[in-house]
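Every read-out reported here was derived from the displayed coordinates using simple, explicitly stated rules and does not represent laboratory data. Please read these numbers as outputs of a predicted model, since none were measured by experiment. No Cβ is skipped: glycine too gets one built from the backbone with ideal geometry, and neighbour counts run over all protein chains shown.
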């Protein structure tokens, strides 16, 4: 016979069992996530592991199954090949996510042909008569491709061997990179030509005779130092001067191409000034020559038709020093 006390004990026991059961269920470990194929992956080493290609690969994640692509390149591996390679390692139930293949990229550090040329210039600078590296013009032989090294291979290319022939301007250099397994195993060699250059100035538009040169008209041309001759290299010495003759782009400027700006043109009417202590005479003249400030030109005295040599002292103004009394007489009653 079941008594009320017995019923209460049964109910309490059932509640305790439910509580314990619920607590046990809450504390039971979650099922491990299912392994799944990755759509793409980037690797840094020369092998590809199961864990590179499959998420949640568990204990076999570090097992190598493929060689990695070449440095800096990308390849595709079909899903079937991936599953075939993994099958011997007892990883089952892989979710392929409907992928036909997996894209694998090998990470790298790219060293461009321009960077290689700069490194050659740096290696040559201060030797064989070369100056600063930025003035060494390097031309590499052949179709030089970008050099790919390991992504963690930092630092500059190191010179293993270097030779240069000043007569032919040819160089031969071999580089490695101390923390690159690839280059330590097989150093790279480059050949080509190198010359010492200087930056010269040129106009970047046609400039006609007498035109003033502005900073915006100038550009820089790199020329072999041995051929630079009288080429102008200082822009400050050019700006504000005038073209002595027509100038064309692509031609280095020489000092002889430039002159002070002409402020008196041929046949201009000018004021001739004669000045000595206590006396200043001015008379009208006509320039027979063009000239710039400070130039000596021939000027005709309009009244007497005599020709005198005068120094250009300003726009349409020339000065003469002490001359024969005939010139003074020619001045007549002109203004003092």
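Normalised by the number of residues in region 58-185, the mean separation of alpha-carbon contacts (under 8 Å, six or more apart) gives a relative contact order of 20 percent.
With the cut-off at under 17 Å, measuring from each backbone N in region 103-131 to a point 7 Å along the Cα-to-Cβ line of residue 179 picks out 107-111. Across the chain, Cα pairs under 8 Å and at least six residues apart give a relative contact order of 9 percent.
When the chain is treated as a Gaussian network with alpha carbon springs shorter than 10 Å, the biggest mean-square fluctuation among 68, 194, 121 belongs to 68. Scaled against 2.2 N^0.38 Å for its residue count N, the alpha carbon radius of gyration of region 36-107 is 1.00.
When a/c is below 1.5 the answer is rounded, else prolate if a/b is larger than b/c, else oblate, so apply that to region 104-226 with a ≥ b ≥ c taken from the square roots of the Cα gyration tensor eigenvalues. It is prolate, given that a/c is not under 1.5 and a/b is the larger ratio. Counting only alpha carbon atoms, the long axis of helix 4-27 and the longest principal axis of the chain meet at about 40°.
Taking label points 7 Å from Cα along the Cα-to-Cβ direction, residue 135 and residue 162 give a separation of 1.7 nm.
Compared with the dominant principal axis of the Cα atoms in the chain, helix 113-124 is inclined by about 60°. Distance distribution note for region 263-331: the fraction of Cα pairs above 18 angstrom is 26%. Taking every DSSP beta bridge that has both ends in region 36-107, the antiparallel portion is near 65%.
What's the FRET efficiency of residue 211 with residue 38 using the Cβ-Cβ distance as r and R₀ = 56 Å, to the nearest 0.05? With R0 = 56 Å, the Cβ-Cβ based efficiency is 0.25. Compactness of the chain, taken as the C-alpha radius of gyration over 2.2 N^0.38 Å, stands at 2.20.
Just so you know, the averaged projected area of the alpha carbon convex hull for region 199-261 sits at 3.5 nm².
For the chain, the mean residue ellipticity at 222 nm estimated from helices alone is -5500 deg cm²/dmol, where every DSSP H run of n ≥ 4 contributes -39500 (n - 2.57) and the total is divided by all residues, rounded to the nearest 500. If R0 is 25 Å, the Cβ-Cβ spacing of residue 127 and residue 233 corresponds to a FRET efficiency of close to 0.60. On the basis of the beta-carbon distance and an R0 of 25 Å, residue 255 and residue 292 show a calculated FRET efficiency of 0.95. The mean sequence separation of alpha-carbon pairs under 8 Å and at least six residues apart, normalised by the residue count of region 199-261, gives a relative contact order of 46 percent. Peptide packing for 90-99, 280-289 was compared via the average number of neighbouring C-beta atoms within 10 Å per residue; ordered from the highest value, the list is 280-289, 90-99.
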